[in-house]
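Notes to accompany the following structure.
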Amino acid sequence: VERRAVLRIRTLGTVPYHEAFALQHALARHTDDDYLLVLQHPHVFTLGPHADRAHVLTDPASVGATLEETDRGGDVTYHGPGQLVVYPILSVADEPSAGPAHVHRLEQLIIATLGDLGLPGATCDNDYPGVWIDAQGESPRKIAAIGVRTVRGASGTRRTLHGLALNIECDLSMFSHIVPCGIADRGVTSLRAEGLQMPFSTVIEAL
């Protein structure tokens, strides 16, 4: 009888970035089950493999943050308290389109979640991964960042790492210390900045 993978949801609280990174790799490479890791990070700026270090504008330690190199796609981004981070560790098809399709599913998941929470009109932008408010308007601002990669699991399947970061009530001034995702001419926002205040548990349940 073929064993079917189980989706295991783990709400982990606040986890240092390097610990979550190690956990993701262990689960992706050594288990067959799928996972959703739901957590927050302490203040941290992360750099993808091809990130431009000039996009880190401030010494991270001077603003109470750390700087971590990582292996996800994308440039530099910020994680911190008040931001919901979700890392799906999933098996996907073994084909080049699997990665972009996974990113698109995450974008649609966030858009649907925001609509359920009372913030309709969020969209994705083909030129800029993530989820945006007023993407084609006068004040485009990112409310959720997405960065992923895939690795080979123990059984040879293709497995996803990293995922999404949704700004709920985080300190948006922290983004001023970087060029977020390498995009200099667009802003960032959060549920609170858009006029929605609600418990983290409500957002997690909706997602």
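A short reminder: the numbers here are calculations on the coordinates, not readings from a lab. All figures in this text were calculated on a predicted structure; none of them were measured in a lab. Neighbour counts run over all protein chains shown; Cβ positions are idealised from the backbone, glycine included.
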For the pair Ala184 and Ala54, the simple spin-label estimate (label points 7 Å beyond Cα toward Cβ) gives in nm 0.8 nm
Applying the Karplus parametrisation 6.51 cos²θ - 1.76 cosθ + 1.60 with θ = phi - 60° to the phi angles of the stretch 136-152, what ³J(HN,Hα) value in whole Hz is obtained for each residue in order, glycine and proline being reported as x? 9, x, 7, 9, x, 8, 8, 10, 8, 9, 9, x, 9, 7, 10, 9, 8
Just in the stretch 1-94: which trypsin sites (Lys or Arg not before Pro) are loop by DSSP and have at most 16 other Cβ atoms within 10 Å? Arg3, Arg4
To the nearest 20 debye, what is the magnitude of the charge dipole of the stretch 120-183 about its Cα centre, counting +1 on the Cβ of each Lys and Arg and -1 on the Cβ of each Asp and Glu? 580 debye
Which far-off residues, 5 or more places away or on another chain, put their amide H under 5 Å from the one on Leu47, with H placed in the peptide plane? Glu68, Glu69, Thr70
3J(HN,Hα) from dihedral phi, the stretch 107-124, Karplus parametrisation 6.51/-1.76/1.60, rounded to Hz, x for glycine, proline: 4, 5, 4, 5, 4, 5, 4, 4, x, 5, 7, x, 10, x, x, 5, 9, 9
Only Cα pairs under 8 Å and at least 6 apart count here; give the relative contact order of the chain as a rounded whole percent. 23 percent
Working only with C-alpha atoms, what are the Rg and Dmax values of the stretch 114-207, expressed in angstrom? 15.1, 48
Report, in whole Å, the centroid distance computed from the Cα atoms of the stretch 9-56 and the stretch 58-86. 11 Å
For the stretch 34-98, what's the relative contact order in percent, using C-alpha pairs closer than 8 Å and at least 6 residues apart? 50 percent
Helix-derived mean residue ellipticity, 222 nm - over the chain, DSSP H n ≥ 4, -39500 (n - 2.57), to 500: -6500 deg cm²/dmol
Starting at the first residue of the stretch 29-39, write each ³J(HN,Hα) from the Karplus equation 6.51 cos²θ - 1.76 cosθ + 1.60 with θ = phi - 60°, in whole Hz, x for Gly and Pro. 8, 10, 10, 9, 6, 8, 9, 10, 9, 10, 6
So if I place +1 on the C-beta of Lys and Arg and -1 on the C-beta of Asp and Glu, and nothing else carries charge, what would the dipole magnitude of the chain be about its Cα centre? I want it in debye, nearest 20. 540 debye
Can you give the FRET efficiency for Ser139 and Asp32, using 1/(1 + (r/R0)^6), R0 = 41 Å, r = Cβ-Cβ distance, to the nearest 0.05? 0.35
Using +1 at the C-beta of Lys and Arg and -1 at the C-beta of Asp and Glu, which of Phe175, Phe200, Gln24 has the Cα lying farthest in the positive direction of the dipole of the chain? Gln24
Cβ-Cβ FRET estimate between Gln108 and Arg10, R0 fixed at 22 Å, reported to 0.05: 0.45
Restricting the stretch 1-74 to GluC sites (Glu not before Pro) in coil, as DSSP defines it, with at most 16 other Cβ within 10 Å: Glu2
Using only Cα atoms, locate the centre of the stretch 173-207 and the centre of the stretch 119-170, then give the distance between them in Å, rounded to an integer. 12 Å
Descending packing, highest mean Cβ count within 10 Å first, for 84-92, 99-107 is 84-92, 99-107
Whole-number D in µm²/s for the stretch 1-64 (Stokes-Einstein; Kirkwood sum over Cα pairs; 4 °C, 1.567 mPa s): 90 µm²/s
Which residues' amide hydrogens lie under 5 Å from the amide hydrogen of Asp34, considering only partners 5 or more residues apart or on another chain, with H built in the peptide plane? Val6, Leu7, Arg8
